[in-house]
1. Any chance you could count how many residues in region 95-119 are among the charged types (D, E, K, R) and either at pLDDT below 90 or under 24 Å from the mean Cα position of the chain (by Cα) (or both)?
2. Of all residues being aliphatic (A, V, I, L, M) and modelled with pLDDT under 85 in region 30-86, which is least open to solvent (accessible area, probe 1.4 Å)? Just the residue, please.
3. Name the pairs whose Cβ atoms lie under 8 Å apart, with the first residue in region 55-71 and without any contact (Cβ under 8 Å) to a residue 12 or more places away in the chain and of a type outside the set (V, I, T), the second assigned to a helix (DSSP H, G or I) and open to solvent by less than 100 Å² (accessible area, probe 1.4 Å), and 6 or more positions between them or separate chains?
4. If I filter region 115-122 for residues that are touching a residue at least 24 places away in the same chain (Cβ under 8 Å) and either hydroxyl-bearing (S, T, Y) or in contact with a strand residue (DSSP E or B) (Cβ under 9 Å, 6 or more places away or on another chain) (or both), do I get at least one hit?
Amino acid sequence: LGAPSCTSQLAMARNEKGSKHSVMTSPGGTLMNFRSSTKTRRFDKEMGAIEKDRLCQVLKKDVRGNAKQFWDALKSASLQHFESTDAVFMAFSSPSDCMMSLEQFQELSEYLGFALTYHSAKNLFEQKLRDREMNAMTLEDFQDACIVAPLDRIRARLRGHRQNMLACAFHIDNFIRHLSLFTGEDHRRRAVTRFQQKLTTRFCVTLWSSLQQWAERKTLAGEPMISKETFLKLVDSIQSFQAFEMDFFGNIYERVDRGQKGEVVMFDLTVTILLMATSNSRCDKAKLIFTVFDTDGDG
């Protein structure tokens, strides 16, 4: 038949190129693209490690001249592993005083892939200390070093303030609990008496109103049932109680929940607390009990 012409050879080459393209866009081609992207990510990770090693080598020669480059790289690595710079600081600082020592700074750097020498780490660390006598880095020092935006600093301080407030409240509640419940029978009786004095008729009226509003939002059919967790949240939103007094409410709930079903009827719970309430007028208690069981509100 003779050898194929130049035109036919060009057409065959185009068809072969098109078939290769179809293979690359087929499911098999998708797999090849995935493998290629995986290799790319692995290559980027290896390149990142190489850049960090180079930076550490440069810091050995001139720490002060390359300090800004290091802190920029540290900030970038921190945001890759943690949600914020204050999160990485809290992860490696001392939980007791929220301060970071030189050894903890080295641990942080090594975790993020920076193999600093002791001399480099010490110079970088001490350059950013506001109070050198403390010989420890605060969160503000760390954020200044990483050049964190003012808004992010405010958020971090608010989060830190909230954590400190919660920690203080926890310690105060534990101290009061110990004084009230573990320093003799007389103190326990007084703690229960003070708790009962807080169960006024006005508190019971507010509690019943809150329970009704909660039941209306839930659109419960039949006798409305409430869990212990929801009940304690409602009580805490109505009036401020000590932590051990919330335990008293939990004990009351458990006594009403005799079958240990995890839910009790709102009427039973309200009447139980109302009977424990301190009131000079029995008439007020009777009126509230009538209101509780007057479900249709016709009087």
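1. 2
2. Applying the filter and picking the extreme gives A49.
3. Sorted first by the residue in region 55-71, then by its partner, the pairs are N66/L55; N66/V58; N66/L59.
4. Taking every residue of region 115-122 in turn, at least one turns out to be touching a residue at least 24 places away in the same chain (Cβ under 8 Å) and either hydroxyl-bearing (S, T, Y) or in contact with a strand residue (DSSP E or B) (Cβ under 9 Å, 6 or more places away or on another chain) (or both).
So that you can scan it fast, the table gives a plain yes or no per residue for (1) touching a Ser or Thr at 6+ places or on another chain (Cβ under 7 Å); (2) modelled with pLDDT under 85; (3) open to solvent by less than 80 Å² (accessible area, probe 1.4 Å):
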residue	(1), (2), (3)
R217	no, yes, no
L220	no, yes, yes
I252	yes, no, yes
R255	no, no, no
A277	yes, yes, yes
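The values are calculated or read from the model by the stated rules, or taken from the named source; none is laboratory data. Treat the numbers as computed from the prediction; the structure is a model and nothing was measured. Please note: Cβ atoms are built from the backbone with ideal geometry, for glycine as well, and neighbour counts cover all protein chains shown. The accessibility values were calculated without ligands, DNA or RNA, using every heavy atom of the protein model including side chains. Shrake-Rupley method; radii C 1.70, N 1.55, O 1.52, S 1.80 Å.
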